[in-house]
Structures are given as C-alpha cells and as structure tokens.
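Please read the structure below before turning to the comments.
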Amino acid sequence: MTDSPVRLTAEDRPDQPPVTPELEDLYRGFEKALLVPLWTRIGDLMPQHPRSKAQPHRWEWKALLDVASRSGDLVPVGRGGERRAIALANPGLGGRPYATATLWAAIQYLMPGEDAPEHRHTQNAFRFVVEGQGVWTVVERDPVPMRRGDFLPQAGMNWHAHHNAADEPMAWIDGLDIPFQYDVEAQFFDFGRDGLSEHEHSTPDRSRAERLWGHPGLAPVSQLRPIEGTPLLRYRWEDTDAALTDQLDLEREGHPGTVEPGHALVRYTNPTTAADVLPTIRAQFHRVRRGAETAPRRETGSSVYQVFDGSGRVRVGDVSWSVQRGDLFVVPSWMPLSVRSEASASDSDSGALDLFQFSDAPILAKLNLFRSHVEEPA
Ligand code: GTQ
Ligand code: FE2
C-alpha cells in the first residue's frame with residue numbers, strides 16, 4: 001500500500017466534515033505548523049494487518065555470481081570500502097541496499113590470496129556458504145574455515161577479517177541487521193589493524209572456537225573468556241545435514257520429529273543460552289522431502305531464503321518462482337509462503353529441497369510482536 005493522500009471530501013469518508021473555506025484554512029495551518037491530524041492518515045499508520053513495503057522477489061545465483069566475479073576483476077578490496085559485498089536491493093524499498101526493512105543480504109567475493117581488512121561493528125552478522133571453500137574468516141584472531149553448507153555467526157563488536165588462502169576465488173552470502181540498526185540509529189564501527197599476523201593467515205581445519213564449543217551439550221569449563229555473543233563460530237554442514245536426515249528418518253519410521261509431513265527444520269542456536277544464535281537474526285535450515293509441499297505460512301517480520309540444494313517451486317502471496325541451487329528470495333512480513341520440492345535430473349539423489357533461511361524474528365519476539373499463522377492447504 002502506498003502513502004494514502006489526505007482525503008477531505010465527505011463522499012470518500014462519511015465521518016469527515018464538509019469541506020468549507022474554514023476547514024481548508026485549518027488544514028493549511030496544520031501543514032505550516034508541522035502538524036498532522038491522525039484522522040487523515042490512520043489507515044496507513046495503523047493498518048489492520050501488516051502491509052509490507054518490501055516485495056517478494058527472487059535473485060538468481062548465476063546472475064549474482066556473474067556480477068561478483070566481474071567485481072573481483074575490476075574492484076580491489078581494502079581499507080575504506082572494507083568488503084567486496086554486493087547487496088540485494090528490494091524493489092519495494094526505493095533503491096536502498098536492503099533485502100527487507102530490517103535485513104541486509106549480500107554476496108561477498110574474495111580473489112585468491114586476498115584479505116578483507118579487520119574491523120568491528122555493532123551490526124550482527126553471519127556468513128553462509130552455498131559453494132566453494134578456501135576462505136578463513138578471522139574472528140577475534142581465530143581463523144575459522146568456511147566450507148559448503150557451513151553457517152558462521154559473528155555477533156556484534158567482534159573484530160573480524162577474511163582471508164582467501166586458496167588459488168580460486170570464493171563467494172558466499174552475508175546476512176546482517178544493517179537496515180534495522182540504521183533505523184534505530186545505534187551503530188558503532190571501528191577500523192582494526194591493517195594486516196593480519198602469520199598466525200591469522202594459518203589455515204587450521206578447526207577453529208579454536210569449534211574446539212572449545214563444538215561438542216553437543218558440552219560447555220567448556222575453561223578460563224577463556226567467551227567472546228561477545230554466541231561463542232561457536234562455525235556450524236559445520238555435516239552436523240546440520242545429519243540433524244535433518246535424522247528428523248526425516250524418524251518420521252519415516254513412524255515417530256514424530258518433523259514440523260509437518262516431509263518437512264524437517266532446525267534452528268541455529270547459541271550454545272550458552274539455547275536461544276536464537278544472534279540477538280536480531282534467526283537462522284534456520286529446512287529440508288523438504290522430494291515431492292512434499294509445505295502449508296502456506298505467514299509470519300510477522302521478514303525472511304531471506306537461499307536454496308542450498310535441490311530445486312522446486314516457491315509461492316509468496318500471489319507470485320511464484322522456480323528455484324534452484326544458490327537462488328535467493330525474500331518473504332515480506334505476513335505474506336504466506338509455501339514451497340514444493342520438485343527434483344530435476346541434475347539434483348542430488350535424495351531429491352529433497354534444502355533451504356537456508358534467516359529472519360528478524362528475534363527482534364519481533366523480544367517485543368511481543370511475533371505472530372505466525374498456518375493456512376489450510378488449498
Ligand atoms: O564481511 O565484515 O556484507 O562488515 C556487510 C558489512 C559484510 C563483513 C557485509 C560487513 C561485512
Ligand atoms: Fe564486518
């Protein structure tokens with residue numbers, strides 16, 4: 001819905017007074033004094049349910065990779081610009097680099113041997129890898145490998161840099177709460193050291209964070225002060241994959257375990273609290289069994305999805321797309337989403353549709369604004 005114009009006429013709005021010279025004079029006076037009467041704007045300011053300015057939209061991975069790799073050839077990465085990251089700009093948000101009103105989503109690209117310089121900021125961030133490897137993200141001087149299927153959270157105010165140790169370029173996606181922090185005007189940003197030490201250029205198979213925190217249900221009783229926010233810096237694909245496989249196997253064996261028939265779902269959580277992995281961002285992974293379709297579901301707040309594997313049909317409100325590996329799409333607030341897994345010849349054996357999702361649900365939940373509703377399938 002667009003900003004509703006001020007309507008003065010009695011025919012449009014039976015509750016409104018007749019337009020007289022005195023009334024026009026009153027309204028001109030409002031404008032001059034920088035005042036706005038509620039009765040002319042209430043439908044827009046206080047709608048009966050969320051009406052998102054953001055639009056449902058899909059970006060194809062092929063096209064993102066193409067512009068990222070051309071940027072790799074033409075645009076250096078270094079201090080000042082900080083990152084070779086290209087943001088999804090929702091067509092409903094006036095050209096701002098925002099995937100939704102609260103979420104930043106970008107493809108980031110590093111050439112062989114390149115370093116993205118160290119910095120820190122209040123914005124919460126994560127990386128998710130749909131293909132490739134060879135980059136280590138260095139968080140609080142701890143080099144963390146990034147490989148296909150890995151989820152790497154990085155809570156606000158931790159120092160971080162990225163290093164490509166491979167002889168191939170690497171792309172991944174970043175999710176941050178940049179638009180949310182821009183709106184609440186609470187951001188801080190610090191530049192770090194200009195280069196990385198020899199140790200930070202090392203390429204261990206597991207980070208120190210994983211060695212301390214990567215054992216399910218076991219919190220280290222160590223002297224080490226945990227970093228700001230969630231301490232486990234890499235959620236490896238092997239673990240996510242096994243959790244989803246187990247849920248669907250249990251369902252097949254007749255035990256409950258899935259969120260709905262053929263639909264396994266896991267949420268990334270902070271091991272010290274079991275709550276959402278970041279204070280402003282929820283991250284989840286869905287697996288929809290071959291041929292299964294999810295019931296249309298609405299949620300307050302917005303989500304970005306990336307297809308990790310498989311292919312299918314996605315419907316958001318009254319638009320729908322075919323999607324395949326790497327494609328990203330946006331689900332605006334309160335728009336119903338349903339997905340169907342439609343295996344094609346090039347897909348993996350299982351034929352499942354694997355979807356990575358992130359959303360602003362923790363913000364809404366903390367403010368008692370989170371609602372969801374599942375519709376009867378059509
Ligand atoms: O990698 O540190 O996409 O600070 C946007 C802001 C990535 C990062 C982005 C950032 C980063
Ligand atoms: Fe950053």
* Structure fact -> the chain, Gaussian network, Cα under 10 Å: of GLY326, GLY94, GLY262, the residue fluctuating most is GLY94
* So what's the chain giving for Cα Rg divided by 2.2 N^0.38 Å, two decimals? -> 1.12
* What do you reckon, how do TRP159, TRP59, TRP172 stack up by accessible area (1.4 Å probe), largest on top? -> TRP159, TRP59, TRP172
* Charge dipole (debye, nearest 20) of the chain; +1 at Cβ of Lys and Arg, -1 at Cβ of Asp and Glu -> 260 debye
* Find how much the distance from ASP205 to GLU168 grows on full extension, using 0.36 nm per residue of separation minus their present alpha carbon separation; answer in nm with one decimal. => 11.5 nm
* To do: Report ³J(HN,Hα) in whole Hz for each residue of region 159-173, in order, from the Karplus equation J = 6.51 cos²θ - 1.76 cosθ + 1.60 where θ = phi - 60°; Gly and Pro get x.
  => 5, 8, 9, 10, 9, 8, 8, 9, 9, 10, x, 9, 10, 8, 10
* Kindly give the semi-axes, whole Å and largest first, of the ellipsoid equivalent to region 190-333, taking each as the square root of 5 times a Cα gyration tensor eigenvalue. => 33, 21, 16
* Structure fact -> With the 8 Å Cα cutoff and a minimum separation of six or more residues, region 1-151 has a relative contact order in percent of 14 percent
* Asked: For region 273-306 and region 67-121, what is the separation of their Cα centres, given in Å?
  -> 24 Å
* Asked: Given labels modelled 7 Å from the Cα in the Cβ direction, how far is it in nm from ARG267 to ARG79?
  -> 4.2 nm
* Asked: Across region 256-262, in residue order, what do the Karplus-derived ³J(HN,Hα) couplings come to in whole Hz, using 6.51 cos²θ - 1.76 cosθ + 1.60 with θ = phi - 60° and x for Gly and Pro?
  -> x, x, 9, 6, 7, x, x
* To do: Mind listing the long-range amide H neighbours of ARG148? Cut-off is under 5 Å, sequence gap 5 or more, other chains count too, H placed in the peptide plane at 1.01 Å from N.
  => GLY132
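Could you give the length gained by full extension between ILE42 and THR122, i.e. 0.36 nm per residue of separation minus their alpha carbon distance, to one decimal place?
That works out to 25.3 nm of additional length.
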* Structure fact -> Subtracting the Cα-Cα distance of GLN133 and TRP321 from 0.36 nm times their residue separation yields 64.8 nm
* Asked: For the chain, what relative contact order do you get, as a whole percent, if you take Cα pairs closer than 8 Å and at least 6 residues apart?
  -> 15 percent
* Can you tell me the alpha carbon radius of gyration of region 191-247 divided by the globular rule-of-thumb value 2.2 N^0.38 Å? => 1.43
* Which log10 I(q)/I(0) values, to two decimals, does region 49-173 give at q = 0.11, 0.23 Å⁻¹ under the Debye formula with one point per Cα? -> -0.39, -1.50
* Compute the long axis of helix 21-32 from its Cα atoms, compare it with the longest principal axis of the Cα atoms of the chain, and write down the angle in degrees, 0 to 90, nearest 10. => 30 degrees
* Structure fact -> Given backbone amide H placed at 1.01 Å from N, residues whose amide H is under 5 Å from that of SER303, ignoring those fewer than 5 places away on the same chain, are VAL331
* **Cα-based reach from LYS366 at 29 Å (exclusive), listing lysines while leaving out same-chain residues under 8 positions away** => LYS53
* Distance in nm between label sites at SER344 and ARG193, each 7 Å beyond Cα in the beta-carbon direction? -> 4.7 nm
* **Cross-link partners of LYS32 among aspartates and glutamates (Cα-Cα below 17 Å; sequence separation of 8 or more within a chain)** => GLU22, GLU24
* What order do LEU233, LEU367, LEU74, LEU93 take when sorted by accessible area (1.4 Å probe), most exposed first? -> LEU74, LEU367, LEU93, LEU233
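The values are calculated or read from the model by the stated rules, or taken from the named source; none is laboratory data. All values derive from a computational prediction rather than experimental measurement. All Cβ positions, even for glycine, are placed from backbone atoms using ideal geometry, and neighbour counts span all protein chains on display. The area values use the complete protein model at the heavy-atom level, side chains included, leaving out ligands, DNA and RNA. Shrake-Rupley method; radii C 1.70, N 1.55, O 1.52, S 1.80 Å.
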